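The values are calculated or read from the model by the stated rules, or taken from the named source; none is laboratory data. On a predicted model such as this, the values are computed, not experimentally measured, just so you know. Methodologically, a virtual Cβ is constructed for each residue, glycine included, from the backbone with ideal geometry; neighbour enumeration extends over all protein chains shown.
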Amino acid sequence: MLEMNQTGIYGSVMTGYGDNSILRPERWLKTNGRRISTFLFVALITLSAQVSLASEWTGPAQQLAGEVVAATGPGAAALEITNRSSLSHAEFDQVSRELRSQMGALGLQFVNADAAAATITISLSEDLQNYVWVAQVRQGAGTSSVAMVSTPRKGSAPVGQDAAVAVHKALVWFQPEQILDAAIMDGSPTHMAVLDTEKVALYRLEGGRWQPEQFLPIPHGRAWPRDARGRLILRKDHLLDAYLPGMFCSTTKASPLGLDCRQSDDPWPLGDESANLKAFFAPSRNYFTGALAPGVGRETAAPAFYSAAALPRDKYTLWVFAGVDGQFHLLDGVTDQIASKLDWGSDIASVHSVCGTGWSVLATGSGEGLVDTIRVFDVADREPIAASQAEKFHGPITALWAEASGNTAIAVAHNSENGNYEAYRLSFLCGR
């Protein structure tokens with residue numbers, strides 16, 4: 001407690017001294033001066049760190065705020081910010097304050113969801129090199145939009161040095177004719193089927209070489225589209241099915257092996273049997289119309305797309321569609337969300353990661369010159385995060401399909417140096 005001394009100055013009654021006397025000003029300063037100096041020093045360091053953090057996040061916060069408000073316009077909005085990155089609590093608080101400040105300066109007022117004209121959900125994620133901030137904006141019952149910015153992580157290693165997944169490619173076949181798809185049947189001996197526009201070729205692996213076994217012609221009375229596509233599906237009750245533009249072929253069950261083909265507009269399988277989703281292919285073009293069978297939840301159609309990837313979740317499956325419009329549509333059975341700023345090509349597939357991250361997206365991309373690349377992306381919630389280095393191919397990738405196991409994939413590239421079409425089997429190993 002405080003008592004008035006003879007000089008009229010208040011001092012603390014200290015019980016830690018032998019005489020319990022009133023502490024004089026000069027004695028108090030001598031005793032506590034060091035504590036005051038230490039306190040001021042710590043406060044100064046803390047303030048400097050906060051200023052430094054604020055300046056570090058101002059740029060990306062301004063960019064994301066600008067894109068969000070461009071979508072919502074000024075007005076009342078509900079905001080939720082979630083940290084899915086390695087940011088500390090202090091850094092997360094700084095980023096949150098910076099985002100709120102920047103959006104508020106542009107005219108947003110933050111209110112409860114029931115009074116909001118727009119709902120903004122921001123996820124703070126990261127990949128191997130950058131912090132990745134993704135904002136999902138919903139206005140009423142309309143379609144949501146997505147904005148994304150990235151900023152370098154401190155001390156991040158280049159992707160590939162400490163990548164979570166390593167992509168291994170093995171050349172299994174090449175030929176001058178266009179390869180639409182290939183399917184490998186592991187066993188003793190191992191067999192392979194190669195689909196092109198004229199036949200299904202069957203090979204047997206002997207002494208490290210593929211030996212031809214049988215060629216099954218594909219009869220067709222009309223010219224194929226300029227950029228023809230095809231798909232091989234291995235079956236349990238017969239060898240395989242082949243899907244081509246406007247045509248369906250199936251191997252016979254009896255011996256000798258044959259191939260029955262007919263004109264057909266039946267939908268093509270988009271994944272394995274567990275995915276249970278098919279889509280209708282435009283026979284005179286090189287893409288799917290968007291009509292789905294049976295559909296993704298309540299959604300029976302997607303925008304026209306080139307390829308799709310299924311990402312199973314606990315209670316639903318998230319489907320990613322590489323749209324003809326250049327956007328990537330994420331369907332979960334209830335909503336169609338758009339992630340338009342992904343630097344992906346038109347071919348994607350889903351693979352099951354061996355590194356404990358669940359299902360991942362295998363996506364093509366453009367490299368330097370005529371080089372194409374393939375990379376693995378983990379999709380936490382709705383934000384793709386690079387999980388591997390970019391594997392290069394000597395030319396454009398013309399086909400990418402996951403194999404039945406889900407653990408491997410087949411990629412076909414058109415080699416720009418020798419003109420051959422090359423089929424690769426892709427497998428995935430945990431990185432360092």
> (1) touching a Lys or Arg at 6+ places or on another chain (Cβ under 9 Å); (2) more than 28 Å from Phe248 (Cα to Cα); (3) not in a strand (DSSP E or B): which one isn't true of Leu330, the others all being true?
Replying inline: (3)
>> I need the full set of residues from segment 254-277 which are farther than 30 Å from Glu213 by Cα and either in contact with an Asp or Glu (Cβ under 8 Å, 6 or more places away or on another chain) or among the aliphatic types (A, V, I, L, M) (or both), in order please.
In response: Ala275, Leu277
>> Against the definition (at pLDDT below 90 and over 23 Å from Ala279 (Cα atoms)), how does Phe428 come out, yes or no?
In response: yes
> Restricting attention to segment 411-420, which residues are under 15 Å from Val172 (Cβ atoms) and surrounded by fewer than 22 Cβ atoms within 10 Å (Cβ to Cβ)?
Replying inline: Asn415, Asn420
>> Which numbered condition in (1) modelled with pLDDT of 90 or more; (2) touching a Leu at 6+ places or on another chain (Cβ under 8 Å); (3) outside any helix (DSSP H, G or I) is the only one that Gly66 fails?
In response: (3)
> Quick one: in segment 284-305, which of the residues that are in a loop (DSSP other than H, G, I, E, B) and of a type in the set (A, V, I, L, M, F, W, C) is surrounded by the fewest Cβ atoms within 10 Å (Cβ to Cβ)?
Replying inline: Ala304
>> Pairs please, first residue from segment 213-238 and in contact (Cβ under 8 Å) with a residue 40 or more places away in the chain, second anywhere and among the β-branched types (Val, Ile, Thr) and surrounded by 13 or more Cβ atoms within 10 Å (Cβ to Cβ), Cβ atoms under 6 Å, 6+ apart in sequence or on different chains.
In response: Leu216/Val200; Ala228/Thr197
> Taking only pairs six or more apart or across chains, which ones have beta-carbon atoms under 7 Å, a first residue in segment 273-298 that is over 15 Å from Ala322 (Cβ atoms), and a second residue that is of a type in the set (Lys, Arg)?
Replying inline: Ala293/Lys278
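Given the criteria in contact with a Leu (Cβ under 6 Å, 6 or more places away or on another chain), assigned by TED's automatic domain parsing to the domain that holds Ala170, not charged (D, E, K, R) and not in a strand (DSSP E or B), does Ala308 qualify?
On the way: in contact with a Leu (Cβ under 6 Å, 6 or more places away or on another chain): yes; assigned by TED's automatic domain parsing to the domain that holds Ala170: yes; not charged (D, E, K, R): yes; not in a strand (DSSP E or B): no.
Here the answer is no, as Ala308 does not meet what is asked.
Quick check on this structure: which one of Phe377, Phe321 is surrounded by 21 or more Cβ atoms within 10 Å (Cβ to Cβ), modelled with pLDDT of 95 or more and either of a type outside the set (Val, Ile, Thr) or within 11 Å of the chain's Cα centre (by Cα) (or both)?
Exactly one of Phe377, Phe321 is surrounded by 21 or more Cβ atoms within 10 Å (Cβ to Cβ), modelled with pLDDT of 95 or more and either of a type outside the set (Val, Ile, Thr) or within 11 Å of the chain's Cα centre (by Cα) (or both), namely Phe321.
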> Residues of segment 333-355 being more than 13 Å from Val379 (Cα to Cα) and assigned to a loop (DSSP other than H, G, I, E, B), which ones?
Replying inline: Gly333, Val334, Thr335, Ser340, Lys341, Asp343, Trp344, Gly345, Ser346, Asp347, Val354, Cys355
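Can you pull out the residues in segment 395-432 that are part of a loop (DSSP other than H, G, I, E, B), within 22 Å of Tyr287 (Cα to Cα) and touching a Pro at 6+ places or on another chain (Cβ under 7 Å)? Can you show your working first?
Our first condition is that a residue be part of a loop (DSSP other than H, G, I, E, B); within segment 395-432, this holds for 395-396, 403-408, 415-420, 431-432.
Next cut, within 22 Å of Tyr287 (Cα to Cα) only: 395-396, 403-404.
Those that are part of a loop (DSSP other than H, G, I, E, B), within 22 Å of Tyr287 (Cα to Cα) and touching a Pro at 6+ places or on another chain (Cβ under 7 Å): none in segment 395-432.
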>> Tally up the residues in segment 338-352 that are crowded, with 18+ Cβ neighbours inside 10 Å, modelled with pLDDT under 90 and either on the phi > 0 side of the Ramachandran plot or over 13 Å from the mean Cα position of the chain (by Cα) (or both), please.
In response: 0
